[in-house]
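Reading through the structure tokens given below for one structure.
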């Protein structure tokens, strides 16, 4: 039996090579891999001896040779293939251990140049892996050190099952596909390319999807965004809620003020800001004291003991924070059904591409991340907002973009007062927001209201003003804008058009 070893990531390679050598496997290797094996006292034939040709072009060409690829691709069950190997003095290669140049890690470095990135595009390694993976019935392809023990057991037993070989082949092709996808995406340098190449590793099998009868899994690097400090594994719905909460809390920088958001089924049911987290929590909770049961909480500052004690009074699924004080973590960890997540890095990036599956394909769009600018804010009524109203309008606009359409949000300058989400009519969303505020015992007198999309008729504005709002922020753009503005003017209210819609389906 012969094995070819050529790896960039040397993890476990010496132990594997030593074990293979002990089983009588003839080893062939390249460059640095062979040097490391030699230093460990493990004999390995150089690929250049096998091919009769030296490595050239700074190592760009070393394994691209019939002596290598014929040994990998020859079918052992076809006498004609084996006869051709004999005719040309070639030998089969039965096991391939290869991993690739670190292209993805290279382009992730800040300031990396195009030349640096291109030099980390592996050619020979990908060709070797595809050859071995294609011929998996006769060759064992290994691209991940995790699989070394499995392959070694097969070598010692004298055989490796067809099912295991097929699994290793599929894993190899998935690996090279992800590698090629990363290269294609980087070189295309387009947000919406002509061909969308996406490949994510499976990060976690989930117990089920949105409902128990639906199979589900998580793919990608979601777990690099959060460190789970306590609690059960996240479910499918937990992950959706976590993403929604993290996106919303990032609207409120910690340097501005402490902020707390409470979500349920990806919709905010309360948002508050204050000097201290505990006060921000009280602001958020006061919006709706029923919906937060079983909800998601996120903070923009490290969570302290005072807030932990307050949160402990209600059942919560997940708490997300930049950090937890030891006392807070110890207290909250007593709740076995509570999950604690430390936010490791921002989840929102300007220009990020969002994907959503539809029958027959996917929809792709640029994420809705842009903040409201003063240049976009256009006062269209006779009365301009007061300074206090401006603060409240900006607060409301941050929140409404995270509420499912149709979305209406009543707020003060530092807290939500009523949230209406997902109704078929914008007036119904407003009525729902008013009703929620009434249920919470809150007054909307002197509040402001934000609408994620334009008011098509004056009735929506009239309903908001009747509820007590004194200022409105909305995109504008209706054919009846003049009527809508006139309704606000008649009530002495201020209205701001942003020119930017925030539908969230």
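Since every read-out is calculated from the coordinates, none of them should be taken as a lab result. For clarity, every value in this text was computed on a predicted model and none was experimentally measured. Cβ sites come from the backbone with ideal geometry, for glycine too, and all protein chains shown count toward neighbours.
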For the range 309-387, Kirkwood radius (reciprocal of mean inverse C-alpha pair distance, Å): 17.6
Alpha carbon centre of the range 64-83 versus the range 233-259: separation in Å? 55
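Quick check of the Kirkwood formula: for the range 214-343, what is the inverse mean of 1/r over all pairs of different Cα atoms, in Å?
On the way: mean 1/r = 0.0693 Å⁻¹.
Over the range 214-343, the inverse of the mean reciprocal pair distance is 14.4 Å.
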For the range 75-173, what number results from the quotient of the Cα radius of gyration and 2.2 N^0.38 Å? 1.33
In the range 378-497, what percentage of the DSSP-assigned beta bridges are antiparallel, given to the nearest 5? 55
Segments 246-255, 264-273 sorted - mean Cβ within 10 Å per residue, highest first: 264-273, 246-255
P(r) of the range 462-501 in 10 Å steps, Cα pairs, percent per bin? 30, 59, 11
Of 439-452, 406-419, ordering from highest average Cβ density within 10 Å down gives 406-419, 439-452
Can you check how the C-alpha radius of gyration of the range 2-188 compares to 2.2 N^0.38 Å, as a plain ratio? 1.03
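Considering just Cα atoms, how many Å³ per residue does the convex hull of the range 368-505 enclose?
Working: hull volume 12.6 nm³, N = 138.
Normalising the Cα hull of the range 368-505 by residue number yields 91 Å³.
Would you calculate a helix-derived [θ] at 222 nm for the chain, using -39,500 (n - 2.57) for each DSSP H run of n ≥ 4 and dividing by the full residue count, to the nearest 500? List each step's numbers first, then the result.
Details: 18 runs with 187 residues, N = 505.
Rounded to the nearest 500, it is -11000 deg cm²/dmol.
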Can you tell me how much longer the chain between residue 162 and residue 375 gets when fully stretched, taken as 0.36 nm per residue apart minus their C-alpha distance, in nm with one decimal? 70.2 nm
Percent of Cα-Cα distances greater than 33 Å, calculated over the chain: 55
Semi-axes of the equivalent ellipsoid for the range 186-289, please: Cα gyration tensor eigenvalues, times 5, square-rooted, ordered largest first, whole Å. 31, 21, 13
Computed log₁₀ I(q)/I(0) - Debye formula, equal Cα scatterers, no solvent, the range 1-95, q 0.11 Å⁻¹: -0.33
